[in-house]
Amino acid sequence: MANNIAEKRRQQEEDDDEEDGDLDGWGERNYADERSWEALQEDESGLLRPLDNKAMYHAQYRRRLRSLSTASNSQRIQKGLIRFLYIVLDLSRAASVMDFRPSRMAVVAKNVEAFIREFFDQNPLSQIALVIIKDGVAYSLTDLGGSPESHVKALMAKLECSGDSSLQNALELVHEYLDQIPSYGNREVLILYSALTTCDPGDIMETIQKCKKSKMRCSVIGLSAEMFICKHLCQETGGLYSVALDESHFKELIMEHAPPPPAIAEFAIANLIKMGFPQRAAEGSISICSCHKECKVGEGYICPRCKARVCELPTECRICGLTLVSSPHLARSYHHLFPITPFDEVTPSRQIEPHRRSQKTCFGCQQGLVNPGNKPSLHVACPKCKQYFCLDCDIYIHESLHNCPGCESLRAS
């Protein structure tokens, strides 16, 4: 009898433990519902309603666009179209903290993947390399290259956190590589730092001065709190320092580094650069790839100078050192030199002008600009052609198309 009672108690305790484990797992899986009250706002009548995320995003986008436009007009600048960017990821034990859900490491990995693709979309002539910090040591994960898929694949295969972080070791490693970059290339470092400390083997101030002397632009995005040494590094090298408040803020901060940064004309050196425009290898042709030292069939490009084979563009020929690009890469880089003027917001008084009453659709997508109840929705107008555009088209024109459809139609006619 006593044995049966003890057995039942033990069985019940095991069941309770399993239920507790399930609840813990459920709580971790449903982290997206936490702090749901932040998605509410009070309207004019005092009632709660969901946040208009679309309008908020567009307002942030327009503020960023106008600040960039003001900075461009206030001084004579050059754009660094050929960038060599090292992304340094802090994968110390601090990256496993769960204040960013599900963890800092997971949030960083997801946004770095999106950033790499956006970077190459806006900077087709540039190259990226990845460096990770763990166990107090900096490791080179990928070499400088122009293939987003190879960088993303290498990053996803090495997502493990351990040990301390060392900012000096990372800077020393990156300096060793970037110091060999030609003078026409912009040398940039973007550090995604999770830790609150740095375990360095020497004087980090000397390393910062070496980076400054080599004209390296170092920027840091912190995931914990502000650190003096990170702020000092950015101030000395002319980079940006910011601390992410949450995941959406982190995404906004990292995407600000996708467009090429302005360089003061007095300090920027203009050079003529020899470039080669390789032809695609014939289908079925067999040759040894100079990138991977392997025999490959079909796909690839042939260097016009030494006839060596490379896998992807843009790149530098491993045999003769010629910079290899394609003509679409140059064309896609052109828009950074002549950006589109920010569109003007259409005020209610302007919407009732007699010659504007007939314009009730977006010139770009032809969607209506009137909400239910015959109330005009938020929209913008091009200051040159005076055509109206919806918020989605405004973002698409300035971030992807880089040409105003209204102005182009007038030019064609």
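Every number here is computed from the coordinates shown, using simple stated rules; none is lab data. For clarity, every value in this text was computed on a predicted model and none was experimentally measured. Reconstructed Cβ throughout: ideal geometry from the backbone, glycine too, with neighbour counts over all protein chains shown.
I'd like the FRET efficiency for SER183 and ILE288, computed as 1/(1 + (r/R0)^6) with the beta carbon distance as r and R0 of 41 Å, rounded to 0.05.
On the way: r = 32 Å, r/R0 = 0.78.
Plugging the Cβ-Cβ distance into 1/(1 + (r/R0)^6) gives 0.80.
Apply the Karplus parameterisation 6.51 cos²θ - 1.76 cosθ + 1.60, with θ equal to phi minus 60°, to every residue of the stretch 313-327 and state each ³J(HN,Hα) to the nearest whole Hz, in sequence, with x for glycine and proline.
Taking θ as phi minus 60°, the curve returns 10, x, 6, 10, 4, 6, 8, 10, x, 6, 6, 10, 9, 10, 4 Hz for the stretch 313-327.
How large is ³J(HN,Hα), in whole Hz, for each residue of the stretch 99-112 in order, when computed from phi with the Karplus curve 6.51 cos²θ - 1.76 cosθ + 1.60 and θ = phi - 60°, using x for Gly and Pro?
6, 9, 8, x, 6, 4, 4, 5, 5, 5, 4, 5, 6, 5
Starting with the highest mean, order 149-160, 185-196, 206-217 by the number of other Cβ atoms within 10 Å, averaged over the residues of each peptide. Walk me through the numbers before you get to the answer.
Values: 149-160: 14.7, 185-196: 23.3, 206-217: 17.1.
Top of the packing list down: 185-196, 206-217, 149-160.
How large is the Kirkwood hydrodynamic radius of the stretch 279-336, in angstrom, based on all distinct alpha carbon pairs?
Values: mean 1/r = 0.0837 Å⁻¹.
Computed over Cα pairs of the stretch 279-336, the Kirkwood hydrodynamic radius comes out at 11.9 Å.
When Rg is the radius of gyration of the Cα atoms in the stretch 109-244 and Rh is its Kirkwood radius, what does Rg/Rh come to? Walk me through the numbers on the way to the answer.
On the way: Rg = 14.4 Å, Rh = 15.4 Å.
Computed over Cα atoms, the ratio is 0.93.
Please give the net charge around GLY239, taking every other residue with its beta carbon less than 9 angstrom from that of GLY239, where Lys and Arg add +1 and Asp and Glu add -1. Present the calculation step by step, with values, prior to reporting the outcome.
Working: positive: ARG217; negative: GLU188, GLU236.
Surrounding charge for GLY239 is -1.
Compactness ratio of the stretch 155-213: Cα Rg over 2.2 N^0.38 Å, N = residue count?
Working: Rg = 13.3 Å, N = 59, 2.2 N^0.38 = 10.4 Å.
Computed over Cα atoms of the stretch 155-213, the ratio equals 1.28.
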